[in-house]
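Values quoted throughout were computed directly from the atomic coordinates according to the rules given, and no laboratory measurement underlies them. Source: prediction; values computed, not measured. Here the Cβ positions follow ideal geometry from the backbone for every residue, glycine too, while neighbour counts run over all protein chains shown.
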Amino acid sequence: MTTTKKKEPKKKTRTKAPAKAVKATKSTVVKKATAKKSVARKSASKVKAVTSSANRQTATLKKPASTRKTFVSKARTRTKRAAPKNAVMITSESVKAVVPVKAAPKAIVPAPKFEKALAEVKPEPVKMDAPEYEDHAFNPQVMEPGWQQKWEADKLYRSVIDERKPKHYALTMLPYPSGDLHIGHWFSMIPPDARARFKRMQGYNVMFPMGFDAFGLNAENAAIKDGIHPMKRTFQNIERMRRQMRSMGTMFDWEREAVSADPEYYKWTQWFFVQLFKHGLAYRKMAAVDWCPKDNTTLAREQVIGENRVCERCGTPVVKKNLEQWFFKATQYADELLNFDGIDWPERVKTLQTNWIGRSEGASVVFHTEKGDLIEIFTTRPDTLWGATFMVFSPEHPLVDAITSPEQKAAVDEYKLQAARQSDIEREATDKEKTGVFTGAFAINPVNEERIPIWIADYVLMSYGTGAIMAVPAHDERDFEFARKYGLKVIPVIQPVGVDGGPPVQELNGETMEAAHEHEGIMINSGLFNGTRATNDKGIKNPAIKAVIEWLEERGIGKRSVNYRYRDWLISRQRYWGAPIPMIYCNVHGWNPVPEDQLPVLLPEDVEWKPTGESPLKLHPTWKNTTCPICGEPATRETDTMDTFMCSSWYHLRYLSPHYDKGPFDETEYNYWMPVDTYTGGIEHATMHLLYTRFFHKALRDMGITEGNEPMMQLRNQGMVLAEDHSKMSKSRGNVVAPDDLVNKYGADTVRAYLMFFARWEMGAPWDAQGIEGTSRWMRRIWTLFTDPAQPRTGSAFDGRQLRRKVHQTLRKVTHDYESFEFNTIISSLMELMNEMYKAREAGAVGSPAWAEAQAIYLLMLAPVAPHIAEELWTNHLGKPYSIHQQSWPHVDEAAAKEDSIELPVQINGKVRDRITVPAESSEEEIKAAALASETVRKYLDGREPKKVIVAKGRLVSLVL
RNA sequence: GCCGGAGUGGCGGAAUAGGCAGACGCGCACGACUCAAAAUCGUGUUCCCUUUGGGAAUGAGGGUUCGAUUCCCUCCUUCGGCACCA
C-alpha cells in the first residue's frame, strides 16, 4: 500500500531487525544496480530463455543441462538476476546488511535430538474382505492386486530424467493424512491419474508424484481425537492411505513421495523461512489478528471464511487478539499476483484471487487539521473532493486523542470504548445503523479551503487505507446516511445528466436529495473543473478522475495511488504439530535465524502436545533454551510453529528430489521437470494454497532459487462429490462413501471408471450408489466381448469398413476428451464403441483384421481408465507384449474415420420433415437437388418453388416456403 | 449490494465456429431364459393430444436468424466468493 502510513508498533528491539531489513534492501539495490549491470544483463537473457521454454505448454525435447554450482552455494553467492517489475531486488550484500553478523555464527545449543517415532509405527492393516463376487471368469479382486504387485516390482511407473523425451509434470494436490481416503480423494486423483497415463502413452516422460501434507491442524486434530501422539498417528494414517492409493491402481511414483512432517522435508521448509527472513520478506509485528478459540491458534486472513468469520478448519467464529506474530510480505506481490498472463487457469480461480486481492485505483490526498496535523486519506473518487463536507476517522486512529477537543473528550472516549467492546461482526455488519461522535476538531479541505468537521465512526476501518476518509455525502451512500443522521452538510458536485447527455431530469439539491448519486455526470461546484464529464469508469479511465489527479499532483497535495484488500500472510501457529519457526531471540541482538547448517530445528517428542493457547513448545522445560548465534549468550527459541500452508507452498519442488540433502531440491531435476504442466485439485484452495504457492514461487524467483514467473502452467479443478441427498459428505452426518468397500465389491477398475463417468469432473455431483452397477456391467461386458468366442448370430454381413470407421472416430473423440479433461464422455464413447463391437461380432467380425485392430485400439484407449483389466486382456488374452502401459497411443486413421455417405435432415420452415442420404462428397447443388427430389418435400411444396434453400454442408438442408 | 459458476427427461448427464435436443448410463415397464429369483439378453421409456399423425419442450419473457440449449437484452432460481474496502 502506497499511501497507508500505519503507525509502527512501539519500537522494541525485537521488531527492529525486520523493519530495517526492508529499507536496507531497497537502498542497497539502488546503489548496487550499476555495478551489477553486466551480470544482470547476462543472467537476464538466460532467465528469459529458460522462462520462455518453461512456459511453453508442450515442452520441447531438450533443455540445456545446468552448468551451475551446487544449490546451496548458488543461493549464497548468486547476485540478483533480472527480475520483473515490482520484484524485490536483493543482493547478497543486502542480506549481510540485514543480519548484523560480525563474526562467524557461533554454534548454538542444539535442540534435543528427535528420536524418530517412525520405527515403532505399526500400521493397522487395511481390512480387505474376501471377495463376494463369484464370477470365476472375471475376478478383479484376484487380478488387480496381482498386476499391482507386478507393476511395482517392475518399477513400471518410475519417472527418471530422459532428455530424449518431452517431459510432463502432472501434479495433483496431496491429502492431509487425517484418516482414511474418502471418495472425494479418489475423485480428485483417479481422473488425473488416467490423464497422466494417457500422456505417458502419447510419448511424454510423465512424472506423477504423491505425498502427504502431514503437518497442521488436520493431522493434529485427528491425533488429538484418537489420543495418540501426532507423530505416531500421522504416520500410521499415511501408511493406511498409501495402501489405499495402491489399491486404486494409480501410477504414482512412490520413490518420489514427500512427507512434510519428515525432518528431511521440514529442514527445508525452515530453510525457506530463513531465506525469506534474510530477504526482508518475513517479519514480526504486533497486530490485531484472527484467533480461533477452539483450535487455540492464530489464523491467516485467508483461513477465516464466510459471513460469520469462522475458522476454515473447524467452523468456530474467530475473535481478534492483539499479538506479535510472524508474517510473510505477500502484499509486496499484490500487483504481480493479479497478472495471470501465460498460465492456463480457470476463470473462476482467477476471479476469486483477483477479488481477494481487491485492487482499487484512486488517489491519496493530504488534508490538514486547522492546527496543522497531517491527515492522509485514500479515495477512489478524487473527482468528488469538492463535495467533502466532513472527515471520518476510525475510532482507533492514532491521531484521535491528539485532536479531540476537551469538550468532546468524554464522548469520544466513551465511543472508543464501546467500539472496542464490539466484535468485528457486530461492527462491520452492513445493515447496522451508522453511529459516530464529533471530535471537536476541524480539517481544511485542500481543494477549496473549506473548514470541515472531523468525526469518528466505526464504519471506517483502521485496517484499510489510512483509517481516515474524506466524506462526500452527496455521492457516497454511507457518508450520505451518516450526514443525514447527524445533520451534516451535503453538497452535490456531480450533476447527473439526462438521456442523450442533455439536462438532468431533476437537479441535485443538497438539502432535499434522498439518496447519494454515485454515478456519472458533470462536475459542478468544483472550481475550475466545473463542466468536466465524469464517467462511470474507475481509476484514470475516468476523464474527471484523471484530470483531478494530474491537478493534485501539480499542486503537491495528492497523487495517484492504489490500495489493496490483500493482507500479509500470518504464518505463526500456537500449535505443536508444525515445523518450528527457526528463529532465536537474544536480548541484545534481537531476532536472528538459526544458522543454516544447524537446521532442522527438530520438534521435541516429550511435550504436552495438546493445544492450550500457548505453543506447547513454550511449555517444554528446556526446548526453548538455546544460545544466541551472534554472541553465544543465553537466548530463547521461537516456540510457535508454521502454518501448514507454508509446507504445501513448495511440495511440488520436494518431489523433484525428496531425499536430496544439499538443498531443497536437486537443480538437475528442477531444470528437467519444472514447471508443473498440469495441476489438479479442489477449488476450495483458490485464495489459500493456490495464492500462497504463487506468492512463494515469485519470492523464490526473486531470491534466485526458482525460475519463471509461475509454478503451475495449467490448473484444473474438480467438483465435489456430494452425498446421495445432495448434502455435503461428512463423518458426523454418517453419509460418507467408503472407497475400500466399493473396491471390495466391484474392483478398482469399475470404481475408477465410475468416478470418471458419473459426473462432469469439473462440476461434481451427488453420489449414486445404484449407478455404479452400470459401470460394473460395462466391465463384465468388455470381459465377455474379449474372452467369449461367440458365434455369428445375425444374418447381416460384417462390414469391416464400418467397424473401422467407428473405431477411429471414437479414437479421435477419446483423444480429444482426455486432453481436455472431459472424462465422462470418454467412458460413454467407449461404451458406444463396445455396443458397436458386439453387433460386429454377431455379424461375424471375429478373425478379420478390422476386428483385431478394433480389439487392440479398444484396450489401448481403455488402459488409462481401467489399467488392470486392460493389462489382463492385452497380455493374457490377446497375447500381446507386456505391458500395455508401455505401449504408444494409437493414431487416428483419418481416411478410415471418414464417412462415405451422410444422412441429412431436411427442415421445412424450421421443422425437420425428412431425411435424405447423400454421398459425403456431394456438392451443395447435388444436396439441394436431392432434397427437392424427396417425396415428402414435394408434398409440402405442393408444386410451389421454395423461397429460399439453405444447405449447411454436412449438417442439414433448410427450406423456406 | 458486488463478482463468478450453474439451470436440459424421474436421476447423472450428451449435443455449443448457431444446424436432427435428450448420446451414454441409472431407474422404470414389458418380454426371453428360469420351478423361481439373481445374473444375462431383447424391446420400450421427454411431455401432451383422439389414432394414422400432429403439437409443445433445454429456468421465465423478449430479440437477432431460414434455423437458438448455444448469440444479445430483461428477469427468476440456485451454488460459491467478497462485503460499511472509502
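Structure notes:
- Cβ-defined net charge surrounding A:Lys267, 13 Å radius [Lys, Arg +1; Asp, Glu -1]: -3
- Panel order for A:Tyr176, A:Tyr266, by other beta carbons found within 10 Å of each beta carbon, from fewest to most: A:Tyr176, A:Tyr266.
- Counted charge near A:Gly521, where neighbours are those whose Cβ lies closer than 11 Å (Asp, Glu -1; Lys, Arg +1): -3
- Theoretical gain in end-to-end length, A:Cys314 to A:Asp341 [0.36 nm per residue, Cα-Cα removed]: 6.2 nm
- Distance between the 7 Å Cα→Cβ label points at A:Thr936 and A:Leu961: 1.4 nm.
- Within the shell of other residues whose beta carbon sits under 13 angstrom from the beta carbon of A:Thr389, the net charge comes to -1, with Lys and Arg scored +1 and Asp and Glu -1.
- Taking each residue as 0.36 nm, the span from A:Asn587 to A:Asp799 lengthens on full extension beyond its C-alpha to C-alpha distance by 67.4 nm.
- Förster-model FRET efficiency, 25 Å R0, A:His726 and A:Glu684, C-beta, rounded to 0.05: 0.90
- Entries in A:Lys321/A:Lys416; A:Lys278/A:Lys618; A:Lys409/A:Lys489; A:Lys329/A:Lys698; A:Lys928/A:Lys953; A:Lys745/A:Lys806 that, when Cα-Cα distance is taken, lie over 21 Å: A:Lys278/A:Lys618; A:Lys409/A:Lys489; A:Lys745/A:Lys806
- The gain in end-to-end length when the A:Thr354 to A:Glu605 segment is fully stretched comes to 86.2 nm, 0.36 nm per residue minus the alpha carbon separation.
- The ranking of A:Glu307, A:Glu324, A:Glu899 from fewest to most other beta carbons within 10 Å of each one's beta carbon is A:Glu307, A:Glu899, A:Glu324.
- Distance between the pseudo-spin-label points of A:Glu361 and A:Arg777 (7 Å out from Cα toward the beta carbon): 5.9 nm.
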